[in-house]
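Visitor: To start, I am sharing the structure in question, which I have written as structure tokens.
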Amino acid sequence: MIHKIPWSTSSQVKLEQNVGKPSRVIHIRNIPNETTEAEIIQLGLPFGRVTNVLVLKGKNQAFLEMAEEISAVAMVAYFGGCVAQLRGRAVYVQFSNHKELKTDQTHSNASASAQAALQAAQAISNSAGAALVAGAGAALQPANGGTEIQGGPNTVLRVIIEHMLYPIVLDVLYSIFQRYGKVLKIVTFTKNNSFQALIQYPDTGSAQMAKTALDGQNIYNGCCTLRIDYSKMTCLNVKYNNDKSRDYTNPTLPSGDGDAHQLLTSELMPQRARLALALASRMSGGVLAQPFLGLGSGLASPYGVGVGGVGLPAFGALTLTPASPALRALAAPPLPLATVLLVSNLNEEMVTPDALFTLFGVYGDVQRVKILYNKKDSALIQMAEPHQAHLAMTHMDKLRVFGKAMRVMLSKHQTVQLPKEGQPDAGLTRDYSQSPLHRFKKPGSKNYQNIYPPSATLHLSNIPATVSEDDIKDAFTKRGFAIKAFKFFPKDRKMALVQLPSIDDAVAALIKMHNYQLSESNHLRVSFSKSSI
């Protein structure tokens with residue numbers, strides 16, 4: 001018997017409590033006021049085809065109709081073992097006492113947003129729904145039968161990554177976004193001190209589902225948050241296939257970086273590829289689990305909690321049981337991740353081990369520095385953890401330091417060796433393992449939350465109350481730095497922002513002013529800021 005749901009009666013809500021008999025219709029309670037039909041559909045999509053949706057925003061409830069009862073049973077069972085979340089709020093999933101969801105033209109099925117969301121869900125279900133229920137590992141294909149559409153409105157997503165605690169390589173983005181459709185092209189870049197990417201799909205349905213599923217999610221537990229909207233561009237023009245951009249429809253494009261790229265490829269890319277594959281193997285719920293889990297990272301425990309978000313099972317490994325690997329971080333074989341960086345094209349007349357220790361210390365705890373005795377424009381830098389080495393490489397490769405654009409890549413060396421007794425060194429090798437200036441030696445240090453790309457604005461901290469704005473400006477001026485702007489934090493005078501004329505100046509100022517003595521007991525702490533004055 002088909003029940004038409006009488007939404008005009010307030011008593012209807014009471015009838016949906018404590019329902020335990022299986023039904024194709026799912027009742028979802030405690031949804032946020034701003035929840036959209038697409039978000040409700042996204043909760044059910046991994047379990048099978050969605051045929052109808054109704055959102056009761058005034059009652060903070062929604063109904064979702066699945067094509068098959070077995071899909072609804074799987075969904076209720078899954079969310080019985082873990083809490084579903086929408087926009088950070090826990091929602092409750094149960095069977096409805098109605099066997100079918102019939103809505104008239106005054107309700108959400110008649111709205112444009114619901115129709116568009118259902119059509120997108122239908123397209124994905126037609127191309128890969130059976131594979132999802134069966135747990136097949138194939139990537140979702142575009143809804144147009146595989147034809148590559150080279151452009152169109154709302155096929156290009158703009159992705160901004162906030163709180164980028166770990167470096168994000170192009171292969172990681174591809175691993176995440178390819179599950180919602182065939183990714184045609186990706187271009188990555190840094191703008192306004194934030195890492196961004198443009199990702200092109202062949203159809204609007206794939207782009208919409210990716211945006212709905214991933215916007216606001218964290219790539220890694222507690223960090224690397226995705227902010228996604230539609231780009232005004234209708235087609236990406238990719239000139240080079242390298243670690244910054246890629247056209248997956250044209251693998252014959254040049255790398256665009258000559259010999260330098262070949263050097264990068266020979267030593268760096270194999271390790272990056274292994275890293276991306278390891279991270280992709282831990283994909284869970286549209287995001288990645290804690291990176292480097294089980295690889296000796298000091299960050300494993302602070303971010304070992306679950307990812308905030310919907311928490312959908314992984315499309316490529318769907319097994320609907322509470323013990324499924326889709327519900328936790330998958331174990332991966334240990335990788336020989338490098339902690340030693342090879343830095344080249346340095347200004348050998350100005351660079352010192354201490355300067356490199358201070359600069360690279362922004363992104364991790366430097367253990368040892370060795371400027372090469374027979375090639376003083378190059379150095380080896382050993383970081384405490386593999387993720388710190390990747391973080392430093394991501395932010396500082398091609399950064400201008402003392403007038404020269406330095407190159408940073410992973411070294412094949414496992415450690416930086418100290419000189420043997422009697423071996424000529426001229427003070428070019430230093431051990432900093434016991435330095436009191438390490439920023440990240442405490443597990444879960446708040447400094448991890450304030451790592452940003454090099455910028456012209458510096459963040460100053462540990463300023464004593466006796467030190468004035470003029471005192472700080474004078475200290476910078478005496479070291480040869482012009483100050484464009486200065487501002488104390490309004491609620492915490494121990495911190496301030498100082499703006500230099502350029503990023504080059506800010507890099508040099510950070511090297512010279514970090515640990516500058518302001519009083520008998522206070523030394524200045526300097527880092528890059530995401531803000532401007």
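Read-outs: derived from the displayed coordinates by stated rules, not from any lab. This structure is a prediction, so every number in the text was calculated from the model and none was measured. Methodologically, a virtual Cβ is constructed for each residue, glycine included, from the backbone with ideal geometry; neighbour enumeration extends over all protein chains shown.
Visitor: When you count, for each residue, the other Cβ atoms within 10 Å and take the mean per peptide, how do 55-63, 424-432 rank with the highest first?
Guide: Going from most to least packed, we get 55-63, 424-432.
Visitor: Same structure, new question: Quick one: if you stick a label point 7 Å off each Cα along the C-beta vector at Asp470 and Arg227, how many nm between them?
Guide: For the pair Asp470/Arg227, the computed spacing is 3.9 nm.
Visitor: Something else about it: How high is the FRET efficiency between Glu349 and Ile160 when r is their beta carbon distance and R₀ equals 30 Å, given to the nearest 0.05?
Guide: 0.15
Visitor: Can you pull the one-decimal nm distance between simple spin-label points at Leu253 and Asn515, each 7 Å off the Cα toward Cβ?
Guide: Distance between the two pseudo-spin positions: 4.4 nm.
Visitor: Starting from the Cα of Phe189, step 7 Å along the direction of its Cβ; do the same at Ser433; then give the gap between the two resulting points in nm.
Guide: With each label point 7 Å from Cα toward Cβ, the separation is 4.4 nm.
Visitor: Around Gly361, under 12 Å between beta carbons, what's the net of Lys plus Arg minus Asp minus Glu among the other residues?
Guide: Within the 12 Å Cβ shell, the charges total +1.
Visitor: Of all chymotrypsin sites (Phe, Trp or Tyr not before Pro) in segment 448-533, which ones are in loop regions per DSSP and have a Cβ with at most 11 other Cβ atoms within 10 Å?
Guide: none
Visitor: Whole-Hz Karplus ³J(HN,Hα) for segment 200-209, in order, using 6.51 cos²θ - 1.76 cosθ + 1.60 and θ = phi - 60°, x for Gly and Pro?
Guide: 9, 9, x, 8, 5, x, 5, 4, 5, 5
Visitor: Pairs Lys185/Lys441; Lys441/Lys473; Lys375/Lys512; Lys420/Lys512; Lys239/Lys442; Lys191/Lys494: which exceed 32 Å Cα-Cα?
Guide: Lys185/Lys441; Lys239/Lys442
Visitor: Which residues' amide hydrogens lie under 5 Å from the amide hydrogen of Val401, considering only partners 5 or more residues apart or on another chain, with H built in the peptide plane?
Guide: Result for Val401 returns Met406.
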